[in-house]
Amino acid sequence: MNTDPIADYLTRIRNANSAKHRIVEIPSSNMKKAITKILFEKGYILNYKFEEGEKKSQNVIKIALKYHPVTKLPAITTIDRVSRPGLRRYADSENLPRVMNGLGIAIISTSQGVMTDKEARKLHIGGEVICYVS
């Protein structure tokens, strides 16, 4: 039994990327939906779709992964979990992390919802650092 669903979500994306899959299916949750929306808005994935099952436990997120048209390299080069159940990582608004000196994004869970490090910096709020994407 996996105790960290966010780590499972990130690993499924990482594995599908390395295997050059076009689409990856992941069990759904509100946190995963929020992370997926951010990845889409920032151009790391082509598209996504939230599919409802008969039971709440059967809801899935279908993510269309993005690759460079010529080199076929994935848009997501690294996607790493930062805060985990055994060691939570928090950052206040002054100490929010910068990924690849601003070229990547850090996804932060704040009191105002899940957002990127840049948005949290603009709103002057901190939170739990979920993952780094570049």
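Points worth noting:
- Cα lying deepest toward the dipole's positive end in the chain, options ILE26, THR110, VAL129, charges on Cβ: ILE26
- Here r is the Cβ-Cβ distance between LEU73 and GLU94 and R0 is 25 Å; the resulting FRET efficiency, rounded to 0.05, is 0.10.
- Residues in the chain average 59 Å² of solvent-accessible surface per residue, probe 1.4 Å, ligands and nucleic acids excluded.
- Under 5 Å, built H, 5+ apart or other chain: amide partners of TYR48: ALA64
- Note on the chain: Kirkwood radius taken over Cα pairs, Stokes-Einstein applied at 10 °C and 1.306 mPa s, translational D equal to 103 µm² s⁻¹.
- Restriction of the chymotrypsin sites (Phe, Trp or Tyr not before Pro) in the stretch 21-68 to DSSP coil positions whose beta-carbon has at most 14 other beta-carbons within 10 angstrom yields no sites.
- Total charge dipole magnitude, the chain, about the Cα centre, Cβ charges on Lys, Arg, Asp, Glu only, Debye to nearest 20: 340
- With all protein chains in place and a 1.4 Å probe, the accessible surface of the stretch 9-134 carries 52 percent carbon and sulfur.
The values are calculated or read from the model by the stated rules, or taken from the named source; none is laboratory data. Being a predicted model, the structure only gives us computed values, none of them experimental. Don't worry about glycine lacking a Cβ; one is built from the backbone with ideal geometry, like all the others, and counts go over all protein chains shown. Note: accessible area is taken over every heavy atom of the protein model, side chains too, but ligands, DNA and RNA are not part of it. Shrake-Rupley method; radii C 1.70, N 1.55, O 1.52, S 1.80 Å.
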